[in-house]
Amino acid sequence: MKTAYPIVLTPADRGFVVYVPDLDINTEGSTIADAISMAEDAIGLWGITAQDIGKEIPSASAAPPSCASGERTAYAVVDFDTYRRVHDMRVVRKNVTLPSYLNDMAEKAGVNFSQVLQEGLKQRLGVQ
């Protein structure tokens, strides 16, 4: 599910400093578009890290934060499940059990067991 977090963009010497009040994190970008993209990445990384350590991800504020003179507000949109699928490249080792005749046939055919398991799991779980 997509969530829109309000952000504050502060002009800097080279681009913009971005503050995400709901998560108390900062990042930066060279243009407004780049700054918003960097905020989405920072929020996504913060969120999946929080999930991994068992922390709850704070909900996004409904209203934009107040800004100082020269600052702007915008929204950074993140889908944590999609962010994890795209960016979390950790691997885990799994042992599987299968009949020996299938193992023999697959090895003779040069089957990549990891690839076949990944493809099968993605199909079964509806992951693209």
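Read-outs throughout are calculated quantities, based only on the coordinates presented, and are distinct from any laboratory measurement. Everything numeric in this text was worked out from a predicted model, so none of it was measured. Counting neighbours? That spans all protein chains shown, and the Cβs are built from the backbone with ideal geometry, glycine included.
Of all residues in the stretch 12-53, how many are among the charged types (D, E, K, R), surrounded by 15 or more Cβ atoms within 10 Å (Cβ to Cβ) and in a loop (DSSP other than H, G, I, E, B)? Qualifying residue count for the region: 1. Taken over the stretch 43-82, the criterion of being touching a Gly at 6+ places or on another chain (Cβ under 7 Å) and over 19 Å from Glu28 (Cα atoms) is satisfied by Ile57, Phe80. Scan Glu119, Glu56 and give me the residue that is out of contact with any helix residue (DSSP H, G or I) (no Cβ under 6 Å at 6 or more places or on another chain), farther than 30 Å from Ala12 by Cα, among the acidic types (Asp, Glu) and part of a loop (DSSP other than H, G, I, E, B). The conditions single out Glu56. Specify the residue that is nearest to Pro64 (Cα to Cα); the eligible residues are those in the stretch 74-116 that are charged (D, E, K, R) and assigned to a helix (DSSP H, G or I). If we take residues in the stretch 74-116 being charged (D, E, K, R) and assigned to a helix (DSSP H, G or I), then Asp81 is nearest to Pro64 (Cα to Cα).
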